[in-house]
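For reference, the structure is listed below as structure tokens.
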Amino acid sequence: MDLVAVRTFVAVAEAGQFQLAAAQLAITQQAVSKRIAALEKDLGVALFARTARGARLTIDGQAFLPHARALLDAEERAAASVRPGRRPLRVDVIGRRLATAAMLRDFHRAHPEVDLDVVILFDSDAGAAAAAIRSGAIDASFRCVVMPGQEIPAGIEATPVHDEPLQLCTGPGHEFASARAVTPAQLAGHRIWMPGNLPGTEWSAYYDALAAEFGLTIDTLGPDFGVEGLLDTIAGSSTIATFLSEHTPLVWPAVHDLRRIPLRDPTPVYPHSLLWHADNPHPALAALRGYLASRPAGNLDTEVWTPPWALRRHPRADPARS
């Protein structure tokens, strides 16, 4: 439907005269008449009855008016959804089960007045996220930056916002199922199954670095049926384990009796950073950055490890090891 004609119809209905509507729309009265005539032809009904005092809505015109207004409201909302400065703040969280999504949810609870679009650029690295930021497709992204051989592009700002500890997840029959904590070095020779580690992603690079540092075997082979399928397999295995982030919310059947075991000495942490464009004018971006900066850095009482190419936030990160 021609929304220009619909807008003209609403203007005439509210003004009550073709001439007044033409003045409000800054067009000629003839143009108004042509638009209304075209709309009436498309609908197959008369919308106005011309009178000596102006234009009066017909019964069909009265029936169409609320829908015409709804169409114009929808047009405005659609435009606002992509208009810089007026559309919701678009933030990439990589995955809705990660700590970054929970951080964004907490921000929204603290600032319910901010409209948010939660975006997932799942299979892209920090470079692709930075490209989306530079193009204006998104306003910010939570990423582990930077990957080996990459640099933060010009104009893109990045700051560490959260170091998320890893945990070992095992079934009840695993060797470490009863352990209160394990060290990364103790996992050498044990099979860590992570079929979701896609080559070229930042998390794959992170776990490759972790495996190289501590002599781990991280197996990415086999079909990826999602985290539920992964946990089903681990629950029944005495040899397979996986890594989970400490704050990743997961629910599994009680019969699985899965164990989440802290890693210590050092604790591997996944270093989340926020990326944004230095020239982004979105008013809610400053609020998000301020909220994230105000969050505590964490209270781990152990040495932590991150790859040497990752930005770190935790004050106990050991530069010599990471």
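Laboratory data are not the source of any read-out in this text; all were calculated from the coordinates shown. This one's a predicted model, so the numbers in the text were calculated from it and none came from an experiment. We place every Cβ from the backbone using ideal geometry, glycine too, and count neighbours over all the protein chains shown.
Evaluate the charge dipole of the stretch 208-276 about its Cα centre and quote only its size in Debye, nearest 20, assuming +1 on the Cβ of each Lys and Arg and -1 on the Cβ of each Asp and Glu.
The dipole of the stretch 208-276 has a size of about 200 debye.
For MET1, MET194, what ranking results if the residue with the fewest other Cβ atoms within 10 Å of its Cβ goes first?
Listed from fewest to most nearby Cβ atoms, that is MET1, MET194.
Tilt of helix 202-214 relative to the longest C-alpha principal axis of the chain, in degrees (0 to 90, nearest 10)?
10 degrees
Fully extended, how many nm does the chain gain between ILE27 and SER294 (0.36 nm per residue separation, minus their Cα-Cα distance)?
Answer, rounded to one decimal: 90.8 nm.
For the stretch 128-138, in order, what is each residue's ³J(HN,Hα) by Karplus, 6.51 cos²θ - 1.76 cosθ + 1.60 with θ = phi - 60°, in whole Hz (x at glycine and Pro)?
5, 5, 5, 5, 5, 5, 5, 7, x, 5, 10
Just need the relative contact order of the stretch 3-80 here, percent rounded to a whole number, with Cα pairs under 8 Å and 6+ apart.
Once normalised by length, the contact order is 32 percent.
Taking neighbour Cβ counts within 10 Å as the exposure measure, how do TYR291, TYR206 sort from fewest upward?
TYR291, TYR206
Report ³J(HN,Hα) in whole Hz for each residue of the stretch 181-191, in order, from the Karplus equation J = 6.51 cos²θ - 1.76 cosθ + 1.60 where θ = phi - 60°; Gly and Pro get x.
Working through the residues one at a time gives 6, 9, 9, x, 5, 5, 8, 4, x, 8, 7 Hz.
Please work out which option in (1) 19.2, 63; (2) 29.5, 97; (3) 28.6, 93 gives Rg and Dmax of the Cα atoms in Å calculated from these coordinates, and answer with its label.
Calculated Rg and Dmax of the Cα atoms in Å: the matching label is (3).
When only C-alpha pairs under 8 Å and at least 6 residues apart count, what is the relative contact order of the stretch 175-237, in percent?
It rounds to 36 percent for the stretch 175-237.
Determine the relative contact order of the chain: mean sequence separation of Cα pairs under 8 Å and six or more apart, normalised by residue count, in whole percent.
Relative CO of the chain lands at 20 percent.
Between 0 and 90 degrees, rounded to the nearest ten: what's the tilt of helix 29-43 against the longest Cα principal axis of the chain?
Helix 29-43 sits at roughly 70 degrees to that axis.
Against the longest principal axis of the chain, how steep is helix 3-15, in degrees 0 to 90 to the nearest 10, with axes from Cα atoms?
Roughly 50 degrees, rounded to the nearest 10.
Which residues' amide hydrogens lie under 5 Å from the amide hydrogen of PHE48, considering only partners 5 or more residues apart or on another chain, with H built in the peptide plane?
Distant-sequence amide H within range of PHE48: THR58.
Of VAL118, VAL6, VAL91, how do they rank once you tally other Cβ atoms within 10 Å and put the fewest first?
Ordered by Cβ neighbours within 10 Å, fewest first: VAL118, VAL6, VAL91.
Could you give the size of the charge dipole of the stretch 164-267 about its Cα centre, using +1 on the Cβ of each K and R and -1 on the Cβ of each D and E, expressed in debye and rounded to the nearest 20?
Its charge dipole is roughly 300 debye.
Packing-wise, with mean Cβ within 10 Å as the measure, how do 258-267, 281-290, 159-168 rank, highest first?
Packing proxy ranking, top to bottom: 159-168, 258-267, 281-290.
For a quick check: with amide H placed at 1.01 Å from N, whose amide H comes under 5 Å from HIS162's, ignoring anything fewer than 5 positions away on the same chain?
Under 5 Å from the amide H of HIS162: HIS272.
Going by Cα centres, the stretch 227-258 and the stretch 38-104 are how many Å apart?
About 46 Å separates the Cα centre of the stretch 227-258 from the one of the stretch 38-104.
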